[in-house]
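Taken together, the values in this text are just the output of simple stated rules run on the coordinates, not laboratory data. In this text the structure is predicted, and so the values were computed from the model without any measurement. All Cβ positions, glycine included, derive from the backbone under ideal geometry; neighbour counts span all protein chains shown.
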Amino acid sequence: MKAWNKDGKPSDHPEPWGQHGIFSTMRIFPGNKIPFRSDHLHRLSESGKQLGLPWIPQTETINELIEEFISGMDAGHGLVRICIFEDIIGISSRKARSDGNPVEGWLIRYRRLKPGIKLTVEKELYGSLSELDVEKEDWIIIDPKENDLRESATSNIIFVQDNKLMIPDKRVLNGIVQQKLLPILQDNFFVTRSTPQDQDVTSFDEIILCGTGRGVAPLASLPELGWTSKQNDVFKIIRSHYEELIKSACD
């Protein structure tokens, strides 16, 4: 972990969860390729403005710090998280262990404070990921009032029924991977934007997670709602499209 203050001097990287700030996580591929880097940096800038942060580093500055960081990063790490706090930018890395792995989902009753922004203050959501084996598990967010399923703590969700896709659109963070995949999905499937209630889940054949860290991964089960995946056919198709997308972005 490394951090710098707004004067560009090294600083201590604070524990992010509970701090006032924003973050975005990027995937590092061989050759230090970072797909959709400009999208991540644009989202950081826009999120900082929406949150009213007093200081938002210039994109050029963030890029320079990223390059400095990854040049000395642990060779086994593949995910880089950039946090911007009120007067500090912090960068940290971790292993990318969950890419494409089947996931067991556990419910967390939570309503995101600002759905379009990844907030470091949301300790109850992001800090609680330490309770799970993130390689194989994830929190599936269920709204405490409306009992609908919107996203996971790490990913967007795609629900599959009879080869038709349902993608939640209410109070969710539309992640960069999902945004890149959506035109491809709309060309190949019938896609609706809606948010299923908890009691509707048993009608779905597949539930698919997509995000920077997970890539595209199948949800294997959601025990609290009595749901188990019936197949992985659509997952395999979407995963193939995702891999082509990443390859193109890295070329």
**OP:** Give just the number: which of (1) buried (at least 19 other Cβ atoms within 10 Å of the Cβ); (2) closer than 25 Å to ALA249 by Cα; (3) not hydrophobic (A, V, I, L, M, F, W, C) does GLY21 not satisfy?
**Re:** (2)
Subject >> Top-ranked residue in segment 76-116 [being surrounded by fewer than 21 Cβ atoms within 10 Å (Cβ to Cβ) and of a type in the set (Val, Ile, Thr); ranked as nearest to the chain's Cα centre (by Cα)] >> reply: ILE108
**OP:** Kindly establish whether GLU46 is among the acidic types (Asp, Glu) and under 23 Å from LEU181 (Cβ atoms).
**Re:** yes
Original post:
Does ILE108 satisfy the condition of being in a strand (DSSP E or B), among the β-branched types (Val, Ile, Thr) and touching a residue at least 24 places away in the same chain (Cβ under 8 Å)?
Top reply: yes
Original post:
Given SER229, SER203, SER221, which one is of a type in the set (Gly, Ala, Ser) and either in contact with a Gly (Cβ under 9 Å, 6 or more places away or on another chain) or closer than 20 Å to THR25 by Cβ (or both)?
Top reply: SER221
Original post:
Just wondering, is there one or more residues in segment 206-229 that are buried (at least 20 other Cβ atoms within 10 Å of the Cβ) and among the polar types (S, T, N, Q)?
Top reply: yes
Original post:
Quick check, is ASP148 of a type in the set (D, E, K, R) and either under 19 Å from the mean Cα position of the chain (by Cα) or surrounded by 16 or more Cβ atoms within 10 Å (Cβ to Cβ) (or both)?
Top reply: yes
Original post:
So which strands (runs of 3 or more DSSP E) are wholly in segment 134-223 and hold at least 2 residues that are closer than 22 Å to ASP39 by Cα and out of contact with any His (no Cβ under 6 Å at 6 or more places or on another chain)?
Top reply: 149-152, 156-161, 206-211, 215-222
Original post:
Of these, LEU173, LEU209, LEU185, which one is of a type in the set (A, V, I, L, M, F, W, C), touching a strand residue (DSSP E or B) at 6+ places or on another chain (Cβ under 8 Å) and closer than 20 Å to LEU113 by Cβ?
Top reply: LEU173
Subject >> Residues (in contact with a strand residue (DSSP E or B) (Cβ under 9 Å, 6 or more places away or on another chain) and in a helix (DSSP H, G or I)) located in segment 1-38 >> reply: ARG37
Subject >> Checklist (1) among the basic types (Lys, Arg); (2) surrounded by 17 or more Cβ atoms within 10 Å (Cβ to Cβ); (3) over 25 Å from SER155 (Cβ atoms) applied to LYS9, failing item >> reply: (2)
**OP:** Pairs only if they're at least six apart or on different chains, beta carbon under 8 angstrom, first in segment 16-36 and closer than 13 Å to SER47 by Cβ, second part of a helix (DSSP H, G or I) and polar (S, T, N, Q); list them, first residue then second.
**Re:** ILE22/SER47; SER24/SER47
